[in-house]
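The values are calculated or read from the model by the stated rules, or taken from the named source; none is laboratory data. This is a predicted model, so every value here is computed, not measured. So basically every Cβ, Gly included, is an ideal-geometry build from the backbone, and we count neighbours across all protein chains shown.
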Amino acid sequence: MARLVDRYILRELVPPFLIGLLLVTFVLLMNQALLLADLFIDKGVPFALALRLLALLVPSLLAFALPMAVLMGILGGLARLSADSEIVALRSVGVGPARLARPVLLFGLAGFLAALPLALVLGPRSNAAWARAMTGSVLARVRLEVEPLRLNDTLPGIVFFVRHAARDGTWSDVFAYLADDPAHPRLIMARSGRLELFPESRRAVLRLADGRVHGWSREAPETDTVTSFERLEQEVGVEGLFAAGSAGKGVREKDIGELVRDLRGLRARAPGLASPRQLRAHGVEIHKKLALPAACLVFAVLGLPLGLAAGRTGRTGGFSIGLAVVLVYYALLTAGEKAAMDGRLPPALAMWAPDILLAAAGALLASTASAAAAKFRRRPASRPAAGPRPAPVPGPAGRRSVRPAPFRFPGLLDRYVGRKFLALLALLLAALSAAAFVAAFLEHLGDALERGKPVGLVARQAWFRLPDGLAFLLPVAVLAAAVLALGLLARSGEATAMKASGVSAYRTALPVLILSAAACGAAFLVQERIAPAAHARAEAALGAIRDLPARSYSFRGRHWVLGRDGERVYHYDHFDPSSAAFGRLSVFELDPERWALSRRVFAGKATFEEDALVYGRALVRDYSEAGPAFARTESGRLAAAADRGAFLTPWREPAQMTRAELRDYAAEVRASGFDDVRLRAALARRTALPFVSLVMALLAVPFGLRAGKRGALVGLGFSAAVAMTYWGAFAAFRGLGAAGVLTPFLGAWGASLIFGLAGTVGLSRLRT
């Protein structure tokens with residue numbers, strides 16, 4: 001009997017555990033998978049390397065996801081037993097909470113034993129291998145993201161632009177301003193060049209050919225030297241491009257043995273040589289690697305009373321409670337880690353405090369549940385009250401035809417189905433968004449703590465990444481909500497009753513399809529009105545965390561502006577857009593035929609007046625074949641009608657543009673004679689993404705009405721499998737479109753067309 005009960009309970013815990021593990025891993029992996037698709041498939045790097053990097057992420061993600069999956073398995077399984085009154089039946093035969101604790105604790109112990117090697121050894125080693133492999137990919141991204149007629153400030157100490165960038169990484173007509181020595185900057189004009197990458201040593205070399213080097217002093221702009229060259233090599237610093245601040249392993253990339261050994265070495269150093277922050281970082285990571293797997297046992301203790309208390313809410317309620325507990329746990333863990341890194345708490349106490357607090361809460365709830373069970377056993381069994389039995393309803397004398405109900409929308413049934421769908425959609429979207437926020441938060445938390453950055457900055461970048469993520473999370477939520485809503489109708493017999501009353505399957509699914517189309521509109525509005533600005537803020541916060549150079553997202557942060565025609569470059573210390581006034585302005589005028597500097601103007605102050613740039617007390621140097629000529633002038637004017645708009649419009653990446661702005665930018669690049677296929681692919685993708693929710697609804701309707709009665713776990717499993725398959729296909733089509741193999745339209749719409757056709761075929765085969 002005892003073993004039979006244990007096996008039965010364990011079988012109930014396994015399905016929601018697997019579904020929870022799949023969903024959590026999917027959410028954590030989705031962001032990185034799309035990033036890798038963008039870095040590699042889109043940019044021609046071997047696909048095998050992308051798969052290897054994706055596989056290297058799995059061990060550390062599993063170590064993070066296992067405690068959550070254990071909690072969801074316990075809550076989902078026990079909530080199902082409670083909802084079906086099986087817990088009451090078990091209590092009636094003497095199986096109370098204390099007896100149920102054995103299989104639940106065994107389940108938590110199994111999760112702990114599985115998570116322990118992942119957290120202590122496999123996860124850190126895979127992180128280290130991922131960092132080594134990613135080194136080359138990040139550098140390749142720098143090379144391959146160079147767009148013509150766009151100033152690039154990705155490389156530390158260098159601002160450059162090119163007039164043409166070939167797919168093999170070679171550049172034509174290069175303008176490069178080097179400020180590695182801020183007091184003595186250099187300007188290089190070269191006919192050709194490329195960036196040579198050395199990932200193993202984290203080096204990069206800028207190789208230029210056929211050009212000139214102009215050098216001067218910032219404090220004495222009148223000084224000028226001009227040197228011609230046939231070949232020039234310039235070492236480029238790239239350390240700021242990486243998440244890790246050093247070439248060595250970070251604490252998250254060290255296994256438990258390395259952490260203990262390095263901590264002993266730090267403690268053995270002479271006083272004053274070992275950094276206190278470094279000591280705390282190692283101590284925090286050691287205890288964190290032990291406390292996180294132990295959370296499986298903690299969640300088992302806490303999950304038992306919470307699962308029993310879920311009552312009639314079923315597995316959906318269990319998952320909701322599990323999500324709330326997980327958020328509380330990781331909030332406590334983050335707060336403890338911050339306090340330990342700041343020296344306000346010992347690392348051991350900070351990392352183990354969440355486990356201790358939740359375990360104590362679980363023990364308290366368990367004691368309450370045991371007391372309630374004892375009271376239940378002492379209560380006499382109740383008998384049903386006597387009363388008249390309902391008379392049997394006579395069956396129909398024969399088969400009657402049912403007249404179809406007149407079409408009215410929205411009718412009572414439409415509102416009923418719509419409310420079910422919207423409630424599930426809100427719950428699932430909130431759960432996925434919370435998981436995505438936690439994943440984005442934890443992804444950069446270690447960098448922030450190591451660099452002494454505020455945790456609020458990490459939360460800021462995670463928050464502003466959500467609008468971008470909505471384009472990928474909303475379709476998954478629509479798919480799962482539609483499957484579960486229609487499945488509940490089928491399982492309860494309501495769909496059959498509707499059919500018997502003349503409501504067809506198509507009519508039943510109509511409110512789900514209409515609301516999914518409305519979700520497409522909402523996604524489009526978020527993508528157009530909210531996501532571009534949010535992306536800029538997220539990138540700015542991430543740059544602040546990693547100490548990257550400030551990107552040109554605002555007027556006051558942008559010190560370089562490229563003229564509209566690409567023949568003039570402006571550099572300034574200050575610009576006030578309200579008065580159109582500059583402070584310390586340099587203007588570089590370029591000769592496009594010779595690709596040489598034709599004139600340089602340095603002015604302490606300058607102002608836009610109508611269509612001209614007016615400056616006073618300036619230094620002007622004209623360059624010609626005969627040699628440079630220097631002059632001082634009290635005033636001057638530059639015709640700058642086309643360039644004024646470049647100052648009054650902030651520079652933004654394509655991800656920070658609306659569809660109209662992206663379309664105009666693509667037209668600008670195309671009119672300049674350059675390849676705009678990547679921009680047209682991005683524009684088509686921007687149009688296609690909001691409609692993915694409708695495609696998912698088309699897939700969900702036939703499955704929900706046919707197989708949804710099998711239960712919520714089957715529906716969630718189907719949704720996860722379809723979502724992973726779709727986004728994999730979407731990434732492949734996107735890469736082919738950006739590479740020019742497919743047209744931009746097919747690259748953006750290919751996956752939606754295939755899956756939409758599959759959903760339409762499924763709908764056509766429904767029995768109405």
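A few comments on the model shown:
- Number of positions in segment 550-593 that are out of contact with any strand residue (DSSP E or B) (no Cβ under 7 Å at 6 or more places or on another chain), surrounded by fewer than 16 Cβ atoms within 10 Å (Cβ to Cβ), at pLDDT below 80 and under 29 Å from residue 190 (Cα atoms): 3
- Residues considered: 620, 677, 695. Of these, the only one that is modelled with pLDDT of 80 or more and surrounded by fewer than 20 Cβ atoms within 10 Å (Cβ to Cβ) is 620.
- Within segment 729-755, residues that are on the phi > 0 side of the Ramachandran plot sit with their Cβ atoms under 9 Å from residues that are modelled with pLDDT under 85 and of a type in the set (A, V, I, L, M, F, W, C), at 6+ positions apart or across chains, in these pairs: 740/677; 740/681.
- Selected residue (only one of 740, 756 is over 21 Å from the mean Cα position of the chain (by Cα), in a helix (DSSP H, G or I) and either at pLDDT below 90 or surrounded by fewer than 22 Cβ atoms within 10 Å (Cβ to Cβ) (or both)): 756
- Residue 225 vs. criteria more than 33 Å from the chain's Cα centre (by Cα), surrounded by fewer than 20 Cβ atoms within 10 Å (Cβ to Cβ) and at pLDDT 80 or above: yes
- Those residues of segment 559-597 which are at positive phi and in a strand (DSSP E or B), in sequence order: 584
- Taking each residue of segment 684-701 that is over 19 Å from residue 743 (Cα atoms) and looking for partners that are not in a helix (DSSP H, G or I) with beta-carbon atoms closer than 9 Å, six or more apart or interchain, yields 701/766.
- Subset of segment 166-189 [in a strand (DSSP E or B) and touching a residue at least 60 places away in the same chain (Cβ under 8 Å)]: 173, 175, 177, 187, 189
- Single condition residue 631 does not satisfy, out of (1) at pLDDT 80 or above; (2) surrounded by 12 or more Cβ atoms within 10 Å (Cβ to Cβ); (3) of a type in the set (Gly, Ala, Ser): (2)
- Among the conditions (1) at pLDDT below 85; (2) assigned to a helix (DSSP H, G or I), the only one that residue 480 does not satisfy is (1).
- Selection status of residue 596, of a type in the set (A, V, I, L, M), modelled with pLDDT of 75 or more and under 30 Å from residue 461 (Cβ atoms): no
Conditions (1) in contact with a Phe, Trp or Tyr (Cβ under 7 Å, 6 or more places away or on another chain); (2) among the hydrophobic types (A, V, I, L, M, F, W, C), marked per residue:
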site	(1), (2)
722	no, yes
728	no, no
731	no, yes
735	no, no
740	no, no
750	yes, no
755	yes, yes
759	no, no
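- Out of 111, 73, sole residue that is under 16 Å from residue 6 (Cα atoms), in contact (Cβ under 8 Å) with a residue 40 or more places away in the chain and not assigned by TED's automatic domain parsing to the domain that holds residue 431: 73
- Of residues in segment 395-427 being aromatic (Phe, Trp, Tyr) and outside any helix (DSSP H, G or I), the one modelled with the lowest pLDDT: 407
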